[in-house]
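Here's the structure we're looking at; comments come further down.
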Amino acid sequence: MKRRKQRGSPLGGFFSGASLGGKVAHYRDKQNIYKQGAPAYTLFYIQEGGVRLTTRTKHQPSAVTAILGAHDFFGELCLAGYPLRMSTAVALTASSIRTIKKEKMLQLLRKKNKTSNSLVAYLLSSVKNYQDHVAHLLTSSAEQRLARVLLRLAHLNGKGPAVVEIPPLSHQVLAEMVGTTRPRVNLFMNRFRKQGLINYDGGLEVHRSLRKVLRGR
């Protein structure tokens, strides 16, 4: 089977390479990038790979709050004045991630050009996506929530290629993300594969047709 390249977010064209400043670091699978409660002086941009964000509250187990892919930012709450990390960030797979100083990003925002406007739009979209995620946890079935997570990581919620390859994810991580059990995720993933909505071929290929699950078929 022909391998498909990973596709980043629509903002990838604006935010790539040295124009963002900072340095690129390489992380191993499951390596911590930062921990909840650490000082927040920087934000991050995923050039290759994927990242999982988890948040822990007192007397409660950690909950997966986001799964991010190439050309996504994270740690951006430092721009809003949050002094500490609100989550723990862990590499989902071998990843190349650019670290950007808060001051550098604020300078980009103040320029009021095409790049800064796109960044503001991205940050606002991130807030909306988080709110939507919480709403979907309350109103969608577990199968629909799983489909939404896979589509989000592949950036297939809008126009784009028919098939996108994303970093492989354990079914336990997916279960934590959608708020269900690992056996149910196994069941749904097998169902998606039999229906031709996803493929396993070393990586995980997500088809745009998976969106029909969100409409209840």
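The values are calculated or read from the model by the stated rules, or taken from the named source; none is laboratory data. None of these values were measured; they are calculated from a predicted model. A quick note on method: Cβ atoms are made from the backbone with ideal geometry, for glycine too, and the neighbour counts reach across all protein chains shown.
Specify which of the listed residues (LYS128, LYS102, LYS159) is more than 16 Å from the chain's Cα centre (by Cα) and at pLDDT below 80.
Numbers: LYS128 fails: more than 16 Å from the chain's Cα centre (by Cα); LYS102 fails: at pLDDT below 80.
Result: LYS159 is the single residue among LYS128, LYS102, LYS159 that is more than 16 Å from the chain's Cα centre (by Cα) and at pLDDT below 80.
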* Can you name the residue in segment 184-207 that is over 15 Å from LEU156 (Cβ atoms) and of a type in the set (Phe, Trp, Tyr) and is also surrounded by the most Cβ atoms within 10 Å (Cβ to Cβ) among such residues? -> PHE188
* Positions within segment 165-178 being surrounded by 14 or more Cβ atoms within 10 Å (Cβ to Cβ) and of a type in the set (Gly, Ala, Ser), in sequence order -> ALA175
* If you check ARG98, ARG85, which single one turns out to be in contact with a Leu (Cβ under 9 Å, 6 or more places away or on another chain) and within 16 Å of LYS35 (Cα to Cα)? -> ARG85
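Taking segment 39-61 as the search range and keeping residues that are surrounded by 14 or more Cβ atoms within 10 Å (Cβ to Cβ) and part of a loop (DSSP other than H, G, I, E, B), which one is nearest to the chain's Cα centre (by Cα)? Reasoning before the result, please.
Taking segment 39-61 and keeping what is surrounded by 14 or more Cβ atoms within 10 Å (Cβ to Cβ), we get 40, 42-56.
Subset that is part of a loop (DSSP other than H, G, I, E, B): 40, 49-50, 56.
Values: ALA40: 19, GLY49: 10, GLY50: 7, ARG56: 18 Å.
Restricting to residues being surrounded by 14 or more Cβ atoms within 10 Å (Cβ to Cβ) and part of a loop (DSSP other than H, G, I, E, B), the top hit is GLY50.
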* Asked: So is ARG184 at pLDDT 85 or above, more than 23 Å from SER96 (Cα to Cα) and not in a strand (DSSP E or B) or not?
  -> yes
